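Here the structure is laid out as structure tokens; the discussion comes afterwards.
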Amino acid sequence: MKRLRAFTLAAIAALPAAPAFAQAPGPQAPAPQAPPPSDVPPGSVVVPSQGGTVVVTPGSASSTTEYRPLGLPAPGTDINAGLPSSSRPITGDQRDGFDLNQPSGGNIVVYGPKGGEAILTTERARARVPDVHIVKRGDTLWDLCDRYYGNPWQWPRIWSYNSQVANPHWIYPGDQLRMRDPSDMRGYGSSSLGGGNGRGNGGSDADRLNARQGAIRRGSVFLRDQGFIGDPNKDVWGQVAGAVEEQMLLAEGNHVYVLLREGAQAPKPGQDLTVFRTVRQPENVKGARKPPGEIVAVLGTVRVESYDPKTRVARARITESLDVIERGAKIGPVRRRFDVVPPVASTANVQARILTSLYPHVFMAQNQVVFLDRGSQDGLVPGNRLFVTRRGDSWREGLSSKSARQRVRIDSDRNAEVETTPLPGDSKNFPVETVAELRVLRSEKYSAIALVTHSTQELVPGDVAVSRVGQ
């Protein structure tokens, strides 16, 4: 035992000395000592050293000296042990359970040649899509789309089938959600919304018609955070005056006090109203009428809980917030959804001009909503078709300078010889061409909102849209 101790002390004495530092006079605090490693073999000696520890392990014939820097884990420590499986690195043939989205079932399929690299995929058996799903506690549209369609990003699909769901973030236990396209009558049984005859043959024609009418029609136009008010005096009922909660920025779940202006229509409990702020008026377009409407930014939706006609104050809950809502925000019945109505023959010859779009785009095209300077007073009704026509050579009209007409002569023996493209004739004598078709979605007294259902060229403010009797 004395020989072992002497040998150990000799090994320690042979270690390099720590560098010397100048010390200030006075009492010195003891240097911090590193805690001894937990994996020190029995019989070893642990000696603190500068920045770490020294472990001396004697053997039968010799001893082993190991220097361990302070703060580093001991050899063999799994530094990823505290991480979730989805964050751990994997190598070789290891498998990751991916705890963020555990598969509900299925087999692991290996793709790749024998002895080569392989790709592991999980084939998950999706649940059969029912006609109607009864909402249970904890259900969300996101989860339902993942369960039935295998893609949670398709949640707007279910929402489009269920017009009774005003806010896709709020579904409640016991709600009946249609899970299939109502335009597809195949597969609808007695459990379909709208009732069934219980005989299992898909229900009567009336039942199927009710199921179809209860859903949002394919091709509907939704306005998320933009809208239009045709008459500010009629469409602005009041403003947010205060809140129950002690906070400045309000959002979904907060309760607000709405002050109704004099002469405004009294809201009813349970009625949904839109919260918005005015953004801009349609641009002044040469040759066009300037309607009184305004483009607004939609901030959210409130549901009226009570109303006092004496004070003209309504208490409401914010059921949807697309942006922060503050005191002073306006309240009114702004429409946020336009159904693409079927074509309706026009009863008047109308010539309207495109004023602008919901967003201040320079160019407008297919599937965008535009505003017209003619409305119901001029004979426009929802469903009317208007055609945007132009006369002339579009390329010629778009030339910004004469130099834009220059082109390189290909058959010249000179280097980079150019010539000017000839423009014979007068483009005003060219025939009229239809470049776009519009469908009126909503008509105010002096203006209308239309959807560009088809376009072959870009549209700009000031373009003329024409509707003829019988079209």
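Considering each residue of region 272-284, count those that are at pLDDT 90 or above and of a type outside the set (K, R), and give that number.
Final tally of qualifying residues: 5.
Run W395 past the list (1) touching a residue at least 24 places away in the same chain (Cβ under 8 Å); (2) surrounded by 11 or more Cβ atoms within 10 Å (Cβ to Cβ) and report the number of the one that doesn't hold.
W395 satisfies all of (1) touching a residue at least 24 places away in the same chain (Cβ under 8 Å); (2) surrounded by 11 or more Cβ atoms within 10 Å (Cβ to Cβ) except (1).
Looking for whichever is outside the structural domain of R390 (by TED's automatic domain parsing), in a loop (DSSP other than H, G, I, E, B) and either more than 30 Å from G470 (Cα to Cα) or touching a residue at least 40 places away in the same chain (Cβ under 8 Å) (or both) here; the options are P360, P267. Which one fits?
P267
Based on this model, can you work out whether D323 counts as closer than 20 Å to G263 by Cβ and either in the same structural domain as H255 (by TED's automatic domain parsing) or at pLDDT 95 or above (or both)?
no
Give the residue that is nearest to the chain's Cα centre (by Cα), with candidates limited to residues of region 280-295 that are among the hydrophobic types (A, V, I, L, M, F, W, C) and closer than 10 Å to L355 by Cα.
Only one residue fits best here, namely V285.
Consider R224 against the criteria (1) surrounded by 12 or more Cβ atoms within 10 Å (Cβ to Cβ); (2) under 14 Å from V296 (Cα atoms): it satisfies all of them except one. Which criterion is unmet?
So R224 meets the others, but not (1).
For the list (1) under 28 Å from S376 (Cα atoms); (2) modelled with pLDDT under 90; (3) within 32 Å of the chain's Cα centre (by Cα), I need the number of the one condition that I331 fails.
(2)
The values are calculated or read from the model by the stated rules, or taken from the named source; none is laboratory data. In this text the structure is predicted, and so the values were computed from the model without any measurement. Cβ atoms come from the backbone with ideal geometry, glycine included; neighbour counts cover every protein chain shown.
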